[in-house]
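Just so you know, all these numbers are worked out from the coordinates, no wet-lab data involved. Every value quoted in this text rests on a predicted model; they were computed, and no experiment measured them. Cβ placement follows ideal geometry from the backbone for every residue including glycine, while neighbour counts extend to all protein chains displayed.
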Amino acid sequence: MAPEDRIHIEPLAAEDVVRLAALAREIWYAHYPAIISVAQIEYMLAERYDADVVLAELRRDGVWWDKLTVAGGMAGFASYFLTGVAGEMKLDKIYVHPRFQRRGYGGMMIERAGAVARARGCNRLVLAVNRNNRDAIAAYLKHGFRVADAVVKDIGGGFVMDDYIMVKPVAGDPSTVLRTGQ
Ligand SMILES: CC(C)(COP(=O)(O)OP(=O)(O)OC[C@H]1O[C@@H](n2cnc3c(N)ncnc32)[C@H](O)[C@@H]1OP(=O)(O)O)[C@@H](O)C(=O)NCCC(=O)NCCS
């Protein structure tokens, strides 16, 4: 079997949640200490990857979690949700383990989020990325996002997010754009 036949992007299941949290911790500690403090990493991991938080999101309408599996092991994940703003899907999380980065998997997960967004009548994906996260910003630019805004957001615990807001058009059908008034 060719290696690419062993790559899957599919919905995250409840039984994946423990593995997801461990993978998130591994990726965050490989990537974020150069960008944010360890205290902020711990705060955000607890806030976003606690099993109960993820399980509640899996049950909610308008929220999607995908897992990337390479040769049978979880190598990355993404989540995205309808923001409630007409035409807008937010790509909330996208992570690929460093061992598997720069192989196009991030792009594949963005494509899938874009396809779900289109199917739900959206015309754009939006995301927030730390202004100092240069590799991720480069990845987003490569995959069709553009910087639309810069924001500083209080996330509690004494921490702030110093982010760019990036936007990628995803509408294939111009009538979708007209319908949502964008
Ligand atoms: C951002 C991320 C999801 C992209 O996934 P990916 O599978 O590496 O993406 P792709 O292979 O589709 O795109 C690769 C592009 O991303 C950028 N990139 C990704 N990883 C990089 C790295 N380690 N060093 C430099 N550039 C990198 C480059 O622009 C690269 O293009 P190039 O190889 O032609 O130079 C992944 O690198 C990642 O998880 N990074 C760490 C966590 C993170 O910052 N997540 C985003 C939070 S907002």
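Quick notes on this structure:
- Residues located in the stretch 7-33, provided they are within 11 Å of the ligand (Cβ to nearest atom) and among the small types (Gly, Ala, Ser): Ala24, Ala30
- Unique match (being without any contact (Cβ under 8 Å) to a residue 24 or more places away in the chain and either under 12 Å from the mean Cα position of the chain (by Cα) or closer than 17 Å to Arg6 by Cα (or both)) among Arg146, Arg112, Arg134, Arg103: Arg103
- Between Ala119, Ala56, Ala71, the distinction of being in contact (Cβ under 8 Å) with a residue 40 or more places away in the chain and farther than 18 Å from Tyr140 by Cβ belongs to Ala71 only.
- Any chance Ile137 is within 10 Å of the ligand (Cβ to nearest atom), under 16 Å from Leu68 (Cβ atoms) and of a type in the set (A, V, I, L, M, F, W, C): no
- Candidates in the stretch 85-106 are the residues that are over 22 Å from Ala21 (Cα atoms) and not basic (Lys, Arg); of these, the one that is farthest from the ligand (Cβ to nearest atom) is Ala86.
- Meets criteria (out of contact with any strand residue (DSSP E or B) (no Cβ under 8 Å at 6 or more places or on another chain), surrounded by fewer than 21 Cβ atoms within 10 Å (Cβ to Cβ), within 21 Å of Glu47 (Cβ to Cβ) and free of Cβ contacts under 8 Å to residues at least 60 places away in the same chain) for Gly84: yes
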